[in-house]
Amino acid sequence: MKFELKHIDDLTLKDFINHNIWVQYYSGDEIDFIEEEGYNRKEVESKLKEVDWSDEYWFKSFPTKEVTPYMFTRYYAQFELPNKKMIDGYIEFTEYSGIQNYSLYVDGEFIGLNIHHSDMNEEEEIELKNKLALNELYPMKVKCSSNIKVDEEFNPNKK
């Protein structure tokens, strides 16, 4: 299978819909994992060399293990908002902390919601609610395209 890299700024919702798991190239020790997925090692090394082994590039993953061995993995997901509207996006999974954030695709951009602490200030949250025509952003139901364990309901304001 052909190994292709995509710059982080060029990943689109269509990419996640067409292929539901994307992985960031992070370090040289991941080459073995990439090869285990069925990619040709020489082709992988050649493509990575072309981008100076930058960690700003992502590629399609075809998991051969139940848990991702990569530092950063993004899984296509859908989020049901309090008004029952469905929003596409992705879940970012990190090797060191599991699920790190949920990212909603709104008005042509991905908007990340860190599940451990809010990255949004009050003004940004109000702007997002307005874009989505919501009084409340939470709770939202999470549906992941993969078998990673997610809380089915996301509500960082729940005590």
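The values are calculated or read from the model by the stated rules, or taken from the named source; none is laboratory data. As the structure is a computational prediction, the values presented were derived from the model and not from experiment. All Cβ positions, even for glycine, are placed from backbone atoms using ideal geometry, and neighbour counts span all protein chains on display. Each accessible area value is taken on the protein alone, full model and side chains, heavy atoms only, with ligands, DNA and RNA left out. Shrake-Rupley method; radii C 1.70, N 1.55, O 1.52, S 1.80 Å.
Restricting attention to region 82-100, report how many residues are outside any strand (DSSP E or B), exposed (fewer than 13 other Cβ atoms within 10 Å of the Cβ) and of a type outside the set (S, T, N, Q). Let's see the steps before the verdict.
Start the filter on region 82-100 by keeping residues that are outside any strand (DSSP E or B), which leaves 82-85, 95-97.
Keeping just the survivors that are exposed (fewer than 13 other Cβ atoms within 10 Å of the Cβ) gives 83-85, 96-97.
Imposing the further condition that a residue be of a type outside the set (S, T, N, Q) reduces the set to 84-85, 96.
Of the residues in region 82-100, 3 are outside any strand (DSSP E or B), exposed (fewer than 13 other Cβ atoms within 10 Å of the Cβ) and of a type outside the set (S, T, N, Q).
Every residue in region 4-22 that is open to solvent by less than 60 Å² (accessible area, probe 1.4 Å), free of Cβ contacts under 8 Å to residues at least 40 places away in the same chain and assigned to a helix (DSSP H, G or I), please.
Asp15
Those residues that are open to solvent by less than 40 Å² (accessible area, probe 1.4 Å), of a type in the set (A, V, I, L, M, F, W, C) and either without any contact (Cβ under 8 Å) to a residue 60 or more places away in the chain or under 26 Å from Pro63 (Cα atoms) (or both), I need them from region 129-159; list them, please.
Leu132, Leu134, Leu137, Val142, Cys144, Ile148, Val150, Phe154 - these are the residues of region 129-159 that are open to solvent by less than 40 Å² (accessible area, probe 1.4 Å), of a type in the set (A, V, I, L, M, F, W, C) and either without any contact (Cβ under 8 Å) to a residue 60 or more places away in the chain or under 26 Å from Pro63 (Cα atoms) (or both).
What tally of residues in region 77-127 results from selecting those that are free of Cβ contacts under 8 Å to residues at least 24 places away in the same chain, over 26 Å from Ser27 (Cβ atoms) and touching an Asp or Glu at 6+ places or on another chain (Cβ under 8 Å)?
Of the residues in region 77-127, 1 are free of Cβ contacts under 8 Å to residues at least 24 places away in the same chain, over 26 Å from Ser27 (Cβ atoms) and touching an Asp or Glu at 6+ places or on another chain (Cβ under 8 Å).
Return the residue satisfying two criteria in turn: it lies in region 133-159 and is under 22 Å from Leu11 (Cα atoms) and of a type in the set (A, V, I, L, M), and of such residues it is modelled with the lowest pLDDT.
That would be Ile148.
If you take the residues of region 139-155 that are of a type in the set (A, V, I, L, M) and in a loop (DSSP other than H, G, I, E, B), which of them is nearest to Arg74 (Cα to Cα)?
Restricting attention to region 139-155, the residues satisfying the condition of being of a type in the set (A, V, I, L, M) are 140, 142, 148, 150.
Now restrict to residues that are in a loop (DSSP other than H, G, I, E, B): 148, 150.
On the way: Ile148: 11, Val150: 13 Å.
Among residues in region 139-155 that are of a type in the set (A, V, I, L, M) and in a loop (DSSP other than H, G, I, E, B), the one nearest to Arg74 (Cα to Cα) is Ile148.
If Tyr75 passes every condition in (1) assigned to a loop (DSSP other than H, G, I, E, B); (2) open to solvent by less than 20 Å² (accessible area, probe 1.4 Å); (3) not hydrophobic (A, V, I, L, M, F, W, C) but one, which one does it miss?
Against the list (1) assigned to a loop (DSSP other than H, G, I, E, B); (2) open to solvent by less than 20 Å² (accessible area, probe 1.4 Å); (3) not hydrophobic (A, V, I, L, M, F, W, C), Tyr75 comes up short only on (1).
Any residue in region 27-38 that's surrounded by 16 or more Cβ atoms within 10 Å (Cβ to Cβ): show its pairings with residues that are aromatic (Phe, Trp, Tyr) at Cβ separation under 7 Å, as long as the two are six or more apart or on different chains.
Short answer, once both residue conditions are applied: Glu30/Tyr70; Phe33/Tyr70; Glu37/Phe62.
Kindly list the number of the only condition in (1) open to solvent by less than 20 Å² (accessible area, probe 1.4 Å); (2) assigned to a strand (DSSP E or B); (3) touching a helix residue (DSSP H, G or I) at 6+ places or on another chain (Cβ under 6 Å) that fails for Tyr105.
Exception for Tyr105: condition (1).
Does Tyr70 fit the bill of being of a type in the set (Ser, Thr, Tyr) and either touching a Phe, Trp or Tyr at 6+ places or on another chain (Cβ under 7 Å) or under 17 Å from Leu13 (Cα atoms) (or both)? Steps first, answer last, please.
Details: of a type in the set (Ser, Thr, Tyr): yes; either touching a Phe, Trp or Tyr at 6+ places or on another chain (Cβ under 7 Å) or under 17 Å from Leu13 (Cα atoms) (or both): yes.
Yes, satisfied.
I'd like to verify a number: residues in region 39-72 that are within 28 Å of Tyr102 (Cβ to Cβ), open to solvent by less than 30 Å² (accessible area, probe 1.4 Å) and aromatic (Phe, Trp, Tyr), how many?
Of the residues in that region, 3 qualify.
From the residues in region 112-125 that are farther than 16 Å from Glu92 by Cα and either open to solvent by less than 80 Å² (accessible area, probe 1.4 Å) or outside any helix (DSSP H, G or I) (or both), which one is modelled with the highest pLDDT?
Glu125
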